[in-house]
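**Q** One structure, as structure tokens, below. Some questions next.
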Amino acid sequence: MSRRTDRVQRKVKIPSSIRKKGKSKKVEKPGETPCCIANCDGFADKHMGGRSLSQENGVETWGEGGFVVRKNRVRVCKSCYKVWKKDNKEDKSTQY
Ligand SMILES: [Zn+2]
């Protein structure tokens, strides 16, 4: 006789009240990673559409000193990323 239990088959719903045990950091902050671009006070958090660019990318668009480098990356908010993208998409859109 085999006494294999196929308990992987069914997904048991766990009440969220149990799941939230232990350390419960508040994740309700609107943003915690400030945009690295000077004069911009947006947030570069991932859930807010922020991106991280390389330093070279940042220099091309904003120039040296126009942004802050954090751990070799330039964190930009959504709108700044759009600016950068616009600045760098010339090879993609060739229509005029
Ligand atoms: Zn920004």
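Derivation of every value follows stated rules applied to the coordinates shown; laboratory data play no part. The shown structure was predicted, so the numbers you read here are calculated from the model rather than taken from an experiment.
**Q** Filter the cross-link list Lys11/Lys78; Lys46/Lys82; Lys46/Lys71; Lys13/Lys78 down to pairs whose alpha-carbon distance in this structure exceeds 25 Å.
**A** Result: Lys11/Lys78; Lys13/Lys78 exceed 25 Å.
**Q** Then there's this: Hey, how much of the P(r) for the stretch 31-88 falls beyond 17 Å, as a percent of Cα pairs?
**A** Numbers: 378 of 1653 pairs.
Roughly 23 percent, rounded to a whole number.
**Q** Taking 8 Å as the Cα distance limit and 6 or more residues as the minimum spacing, I'd like the relative contact order of the stretch 31-88 as a percentage.
**A** Relative contact order of the stretch 31-88: 40 percent.
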